[in-house]
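Accompanying notes for the structure given below.
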Amino acid sequence: MPAKCLAIAAMLLFGCGTSSPAPKPLDSHAQMLTHLADVAANAEESHPFLGSGTLPELEHELHNLPGSTKSQSGVTAPKKRLDLHLQIGETQLRLGRTTEAIRHFEGALEAAVSAEEGTDEGLMEHIRFRLAIACLRKAEDENCVQCRNGDSCLLPICDAGVHEKRSGSELAARHLDRILQLNPKHLSARWLLNVAQMTLGQYPDAVPEHLRIPLSAFASDEQFPKWQNIASDRSLDLVSLSGGVVADDLNGDGWIDILVSSWEPTGQLRCYLGTGHGQFVDHTAESGLVGITGGLNLVQADYDNDGDVDVLVLRGAWLGSEGRIPNSLLRNDGQAGFRDVTFDVGLGRLHFPTQTAAWADYDNDGDLDLFIGNEQFPSQLFRNDDTERFVDVAWIANVDLSAGVKGVTWGDYNNDRFPDLYVSNLTGSNSLFRNNKDGTFTDVAQHLGVSSPSRSFPCWFWDYNNDGQLDLYVSSYWSNLHYFVADYIGEEHEAETDRLYAGNTDHGFRDVSDEVGLDHVTLPMGSNFGDLDNDGFPDFYLGTGYPAYEGVIPNRMFHNRAGTSFSDVTTPGGFGHLQKGHGVAFADFDNDGDQDIFIEMGGAFAGDAFSNALFENPGSGHHWLKVMLQGNESNRLGIGVRICATIPERQGTRSVYKWVNSGGSFGANPLSCQHIGVGSADSVQTLEVYWPTSDTTQRFTNVDVDQCLRIVEGEDTYQTIPAPIDGEH
């Protein structure tokens with residue numbers, strides 16, 4: 001190479017003395033903002049769910065379609081016109097342009113009628129069904145989204161939930177009627193016809209008896225108080241798409257705050273600070289989060305053991321190779337100010353599509369490690385190396401499975417102090433990785449009989465019957481409205497149902513789904529568990545649905561009947577929201593001693609947005625105890641710690657167990673404060689806190705109820721924490 005060329009190359013590579021110095025590399029936060037801005041810029045056209053794709057080309061082709069009977073390719077013009085109308089209609093519906101979608105579906109129907117080959121009844125049914133779906137979505141937009149109230153979209157729809165603007169549901173009902181006249185076994189059309197007539201205030205009379213979903217299907221076998229959706233009263237009814245939620249004390253003032261995401265690349269993470277008695281203020285602008293966008297799920301932890309709650313944002317799920325978007329680890333400064341440290345701590349080297357992760361100290365060294373379950377790419381196990389940096393050891397640990405992972409949860413099912421890992425898989429058998437206590441794991445799911453269902457989503461460890469042994473809940477996700485309807489009305493179907501595996505003292509499990517009343521098709525995405533009535537037995541809420549518009553099914557609430565069975569209290573409790581449910585959090589937002597419920601709502605497509613919901617607990621009269629943990633040898637917030645409250649009752653005593661985690665695998669309950677219901681007991685006879693890392697137990701006796709305690713690992717006494725003071729931020 002000539003000397004002059006070498007000199008120019010050297011200047012380009014190393015700069016020269018007379019030029020400006022090379023720019024400093026972006027810090028981690030700025031680097032993430034750049035990544036996310038690039039993702040958002042490319043999403044408008046290329047995003048599989050949110051982009052316009054080939055819509056301009058399709059519209060151009062339809063506009064220029066020759067009027068002759070045959071096109072140049074030999075395809076009849078009506079057939080080509082039908083195909084184009086269907087494709088354009090689906091795209092417009094996906095983008096939220098329902099009026100245009102309806103027009104094109106009607107065009108497809110007209111083309112199908114005029115087809116030279118004769119009427120294809122199967123195709124006609126399909127077009128009418130898509131047209132009915134578009135009309136129903138138009139009705140939802142005009143009523144439930146634009147004019148929503150606390151009764152909007154609550155099943156069975158009645159009272160203030162009945163639509164004022166009726167044209168969308170009326171047209172939908174006509175098309176669904178036509179489908180069912182020809183095919184009365186079309187369960188999806190049958191379900192949606194009942195829903196459409198509810199929105200018109202004409203259910204059940206307007207539904208033919210043989211097609212009617214009986215009122216008994218919506219009934220519960222126990223009475224339950226009605227909860228109210230007060231999100232609009234608290235300015236929390238943000239209209240968004242699917243996303244996650246973390247409920248926790250983000251600024252250390254004693255009030256529970258909310259961090260919420262929406263999965264679209266332009267969806268701004270939002271931070272709401274609790275200011276007292278269930279009131280909130282939008283803190284997003286002050287939080288440092290502006291520009292931190294996207295994220296289908298959020299999972300919190302104190303990864304650096306500094307005493308505050310940090311948050312992991314998970315991205316790229318459902319997008320395949322297009323979902324190789326970096327996740328974000330947001331470090332909290334203790335005042336709900338966040339900085340993205342992903343690239344600083346070693347989590348930003350490889351990007352895989354994911355929506356599920358869980359924190360635990362799997363090696364019991366006092367700091368938290370992180371498992372991320374990826375979709376169709378190797379899962380990752382990040383070991384915290386004590387310097388606030390993470391190293392992926394999944395291959396060494398034997399947990400680098402490549403599958404459609406949709407849920408993960410840690411729990412020490414065999415009581416050997418080392419947390420084990422359950423992985424829920426949408427595309428095959430699930431895994432239970434037993435911790436070998438040497439940095440490796442062994443999959444024992446098949447051996448222990450917990451590998452089903454074969455298409456599953458959220459999962460969690462808990463102690464549903466308070467026997468001191470961890471149990472395992474695994475949801476089924478056969479994403480078809482037909483299966484849900486068949487199960488809901490008691491007809492046969494081929495779908496697998498949800499599973500509840502009861503743990504036993506032999507370190508094994510028994511499938512008790514049928515005997516406790518949980519063998520149902522629920523199609524959950526978001527999920528979590530808590531204690532609705534402070535009786536000490538955990539209940540759970542499922543945010544249901546699937547991406548397709550017709551996945552209009554109620555979110556489901558199950559009440560625990562003293563560890564013996566579960567009752568579906570969806571209808572009497574007012575929890576049966578029909579819109580797509582995602583991240584769920586149980587927390588005492590108004591600090592009145594009982595847990596309220598926040599659920600992040602909205603679907604995957606741009607046209608399937610909806611507002612989030614906050615259900616206020618009406619109270620049960622039962623007592624409670626709150627415990628704030630501080631680890632010394634163990635991780636700071638006590639993830640993995642077991643709390644046992646023994647309480648007196650008429651028949652003697654019973655124990656309430658609580659393992660410290662954020663709950664279900666899609667939505668996050670508070671870690672900073674553990675809420676324990678104690679029923680009618682007016683004192684806790686003994687309170688035991690077991691720290692697996694240090695293998696120590698603290699024991700306190702005669703503890704008063706209805707108060708908050710701070711317990712520091714290794715100390716002989718606890719501190720009573722006064723109620724937080726109302727404040728402005």
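The values are calculated or read from the model by the stated rules, or taken from the named source; none is laboratory data. Bear in mind that the values here come from a model prediction, so they are computed numbers and not experimental data. So basically every Cβ, Gly included, is an ideal-geometry build from the backbone, and we count neighbours across all protein chains shown. Just the protein is used for accessible areas: all its heavy atoms, side chains included, with ligands, DNA and RNA removed. Shrake-Rupley method; radii C 1.70, N 1.55, O 1.52, S 1.80 Å.
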Plugging the Cβ-Cβ distance of residue 685 and residue 335 into 1/(1 + (r/R0)^6) at R0 = 51 Å yields, to the nearest 0.05, a FRET efficiency of 0.85
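Give, in nm to one decimal, the length gained when the segment between residue 178 and residue 719 is fully stretched (0.36 nm per residue of separation minus the Cα-Cα distance).
Stretched out fully, the residue 178 to residue 719 stretch lengthens by 188.0 nm.
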Rounded to one decimal in nm, the spacing of the 7 Å Cα→Cβ label points at residue 282 and residue 710 is 3.4 nm
For residue 682, the net charge from surrounding residues (Cβ-Cβ under 15 Å; K, R +1; D, E -1) works out to -2
By the mean-Cβ-within-10 Å protection proxy, highest first, 242-255, 711-724 rank as 242-255, 711-724
The size of the Cβ-based charge dipole (Lys, Arg +1; Asp, Glu -1) of the chain about the Cα centre, to the nearest 20 debye, is 2160 debye
Once residue 506 and residue 400 are pulled to full extension, the length gained, defined as 0.36 nm per residue separation minus their Cα-Cα distance, is 35.4 nm
Rounded to 0.05, the calculated FRET efficiency for the beta carbons of residue 209 and residue 592 at R₀ = 51 Å is 0.65
Projecting the Cα atoms of 204, 424, 309 onto the charge dipole of the chain, where Lys and Arg contribute +1 and Asp and Glu -1 at Cβ, the residue farthest towards the positive end is 204
Rounded to one decimal in nm, the spacing of the 7 Å Cα→Cβ label points at residue 228 and residue 565 is 3.3 nm
Cα-based Rg then Dmax for the range 469-600, in Å, read 15.0, 45
With a ≥ b ≥ c from the Cα gyration tensor eigenvalues, square-rooted, and the rule rounded for a/c under 1.5, otherwise prolate when a/b > b/c and oblate otherwise, the range 136-221 is oblate
With the charge dipole of the chain built from beta-carbon charges (+1 for Lys and Arg, -1 for Asp and Glu) about the Cα centre, the Cα from 194, 712, 152 projecting farthest to the positive end belongs to 194
Dividing the mean separation of Cα pairs under 8 Å (6+ apart) by the residue count of the chain yields a relative contact order in percent of 12 percent
The summed charge of the residue 608 Cβ neighbourhood (under 12 Å; Lys/Arg +1, Asp/Glu -1) stands at -1
In the structure shown, of 138/185; 226/658; 437/580; 80/165; 80/138, the pairs separated by more than 30 angstrom at the C-alpha atoms are 437/580; 80/165
Extension length gain for residue 217 and residue 121 (0.36 nm per residue less Cα distance), in nm, is 31.4 nm
With label points set 7 Å from each Cα along the Cα-to-Cβ direction at residue 38 and residue 290, the distance between them in nm comes to 2.4 nm
Heads up, the range 635-728 by the C-alpha gyration tensor (a ≥ b ≥ c square roots of eigenvalues; a/c under 1.5 rounded, else a/b over b/c prolate, else oblate) looks rounded
Counting only protein heavy atoms with a 1.4 Å probe and every protein chain in place, the carbon and sulfur fraction of the accessible surface of the chain in whole percent equals 49 percent
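Once every DSSP H run of n ≥ 4 in the chain is given -39500 (n - 2.57) and the sum is divided by its residues, what mean residue ellipticity at 222 nm do you get, rounded to the nearest 500 deg cm²/dmol? Walk me through the numbers on the way to the answer.
Numbers: 13 runs with 147 residues, N = 729.
The per-residue figure over the chain is -6000 deg cm²/dmol.
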Computed over the chain, protein heavy atoms only, probe 1.4 angstrom, the accessible area per residue in square angstrom equals 38 Å²
Checked against the positive end of the charge dipole of the chain (+1 on Cβ of Lys and Arg, -1 on Cβ of Asp and Glu, about the Cα centre), the farthest of 482, 91, 554 is 91
Here the net charge surrounding residue 453, from other residues whose Cβ is less than 9 Å away from its Cβ (Lys, Arg +1; Asp, Glu -1), is 0
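Let's see if you can work this out: charge +1 on each Lys and Arg Cβ, -1 on each Asp and Glu Cβ, no other charges. What is the dipole magnitude of the range 430-502 about its Cα centre, in debye to the nearest 20?
340 debye
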Compactness check, the range 548-608: C-alpha Rg relative to the 2.2 N^0.38 Å globular estimate gives 1.33
1/(1 + (r/R0)^6) with r = Cβ-Cβ of residue 447 and residue 416, R0 = 22 Å, i.e. FRET efficiency to nearest 0.05, evaluates to 0.85
Treating every alpha carbon of the chain as one equal point scatterer without solvent, the Debye formula yields log10 I(q)/I(0) values at q = 0.11, 0.12 Å⁻¹ of -1.16, -1.35
